[in-house]
Amino acid sequence: MRARPSRRPLDRLAWVHAVSTCGDALVAVALAGTLFFAVPVAAARPRVALYLLLTVAPFAVVAPLLGRLLDGRSGAGRLALAAAMALRAVLAALAVARTQSLLLYPLAFGLLVCSRAHGISRTAMVPELLAPAGRGERDLVAVNGRMARVAALGGTAGALLGVGLDRLAGGGAVLWTSALAFAAGTALALSLPTTRSRRAPAPDPGARRDPGPGSRRDPVPQPRRHPLDRRAARLVRPPGRVRLARTANTCVRGVGGFTLFLLAFELRRQGVGTAGLGLLLAAVGVGGVVGAFLLPRAARLVREDGLLAGGLLLCGTTAWLLAGRVGVETAAAGGLAMGAGIAAARLGFESLVQREVPAPARGTAITRAETTFQLAWVAGAVLPVAFPLPTTPSLLAAAVVCLVAATTYTVGLLRLRRARDRQPV
């Protein structure tokens, strides 16, 4: 009877992720009263567009380096997590005395880069720390759902703690607390085990080979080598299911960003104040949290492909139902549903890429996919920011895009299944 693998490494990774999201939330609260949010109403559109474009820049820094670092290197994920935590601790401490200086911008940019590096490294480490093969995709979905839950709880705790500290002692105390959180996360990350890739056992040179009757030279069984090495991994395309899933998730991110900012500017045109916009953003976050708690159970029935298709259909249906009915309450309900749809597609894609892509190519695949998703989110969000689009036709167009994407994704899966069935066994 096989012993049940220990979950302690995954418990430690969950703590690292919770501390990271807690620290990020503390930083966000601390920066809320600084130069970033001292924006006149008349300058909202160009400032928001510039902010969206700047969110893509960290991926231009992270993707070329981190993907190659994580591709099949023993212990690279642990060191990347620890380095991202340590750098954020230093940057947060340096930002304490510079909240009203232009130097805050490069410091905040560095914090954002390290946060993206943490997310990519954490995703790449999950299959390495998961129990040995044989427990499959359900464990991946469950573990990724757990990481999403601890991230939601850590972010909520950090936000509440940050608001309380900001009122009592100011933003400087919040930044110091975030620096301490990141320092603690560094120690936790270094406590993660160093994983090693498995290799097939080498043949015993002293073993005698007994050819079967009627055959002089039977082929000698050779140990299977991994078809990819780190250098070749960068040139190999991911499996077909992963490419389809990446396209589907890209559509979800693009429609999500487009709908969120379209609703925000529509509420602003209706004279809704900051509280209404905050309710919309909070609803999106709550939708992600609800999805993190409920989706792993649904994944037992529909698996990764069902989560991706469900995310597309949920986002499309939400945009369709919102057309002509945009108000504070309906926008909040739509944000809740959109948050759940984005969470479903993210969970499905993460689990699929962790299972389908070999370790020597996994880091590059994840970094490229995350860069694509962020570009899609920004491209979708920039459209309603840059142009005063009509709300109802735009929502209907977003719904049609999701419907077409869901149909294309389903047809692509059927074609892959037929091609696989035709291959000789």
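The values are calculated or read from the model by the stated rules, or taken from the named source; none is laboratory data. Everything numeric here is computed off the predicted structure, so don't read it as measured data. Don't worry about glycine lacking a Cβ; one is built from the backbone with ideal geometry, like all the others, and counts go over all protein chains shown. Please note that ligands, DNA and RNA were not included when accessible areas were found on the heavy atoms of the full protein model with its side chains. Shrake-Rupley method; radii C 1.70, N 1.55, O 1.52, S 1.80 Å.
Using only alpha carbon positions, build the gyration tensor of the stretch 326-376, then give the equivalent ellipsoid semi-axes as the square roots of 5 times its eigenvalues, largest first, whole angstrom.
The three semi-axes for the stretch 326-376 are 31, 12, 5 Å.
Quick check: with the 1.4 Å probe, what order do 143, 150 take by accessible area, largest first?
150, 143
Give me the distance in nm between label points sitting 7 Å out from Cα along the Cα-to-Cβ direction at residue 297 and residue 11, one decimal.
2.4
Classify the stretch 354-425 as rounded, prolate or oblate from the Cα gyration tensor: take a ≥ b ≥ c as the square roots of its eigenvalues, call it rounded if a/c is under 1.5, otherwise prolate when a/b beats b/c and oblate if not.
oblate
Ranked from the most accessible area to the least, with a 1.4 Å probe and all protein chains present, what is the order of 156, 318?
From most accessible down to least: 156, 318.
In nm, give the distance between the simple-model label positions of residue 191 and residue 422, each being 7 Å from the Cα along the Cα-to-Cβ direction.
Roughly 5.4 nm, to one decimal.
Leaving out ligands, DNA and RNA, what percent of the accessible area of the stretch 290-412 is carbon and sulfur, probe 1.4 Å?
Carbon and sulfur atoms account for 72 percent of the accessible area of the stretch 290-412.
How large are Rg and Dmax for the stretch 289-425 when only the alpha carbon atoms are used, in Å?
Looking at the stretch 289-425, its Cα Rg and Dmax stand at 17.0, 57 Å.
What's the carbon and sulfur percent of the stretch 145-185's accessible surface, probe 1.4 angstrom, rounded to a whole number?
Details: 1370 of 1900 Å².
After summing per-atom areas, the C and S share lands at 72 percent.
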